[in-house]
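To start, the structure under review is shown below, and the notes come after it.
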């Protein structure tokens, strides 16, 4: 339903003080650059975080990663009385390895979601160097 809102984006994770991670995103929407950021604060369980300074608490779990090619992340929060679940597959390369994609699909299905809940942005004619967003 909201597929038209999905655009390719660049995410940057930077460790700052106290083991916190600053996460910055940039994407193009038409001719405009949209950026946003937040800080991830480590939780008690390894790979678990919560988003600092958010009206509605959001939990973040690094479900799987090899630190060099991909990260599979879960985001959970409550919004308007509804539970919101987002699964992100972040990759350092544009060509997603089959085994990494399989992990993503298996996780989505294990969470009770269907293939109709999986959406990838259209990368046709898109390059991180051609957009208006510059880091």
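Where a number appears in this text, it was derived from the coordinates with a stated rule and is not lab data. Source: prediction; values computed, not measured. Note that we place each Cβ from the backbone using ideal geometry, even for glycine, and neighbour counts take in every protein chain shown.
Taking the simple approach of a point 7 Å from Cα along Cα-to-Cβ for both residue 68 and residue 43, what is their distance in nm?
It works out to 3.0 nm between the two label points.
Report the calculated FRET efficiency for residue 94 and residue 21 (r = Cβ-Cβ distance, R0 = 30 Å), to the nearest 0.05.
For residue 94 and residue 21, the calculated efficiency is 0.80.
Can you put 28, 35, 98 in order, fewest other beta carbons within 10 Å first?
98, 35, 28
Could you put 53, 29 in order, starting from the residue whose Cβ has the fewest other Cβ atoms within 10 Å?
Details: 53 7, 29 11.
Going from sparsest to densest Cβ surroundings: 53, 29.
Debye sum, Cα scatterers, the stretch 1-109, no solvent: what log₁₀ I/I(0) at q = 0.23 1/Å?
Results for the stretch 1-109 at q = 0.23 Å⁻¹ read -1.58.
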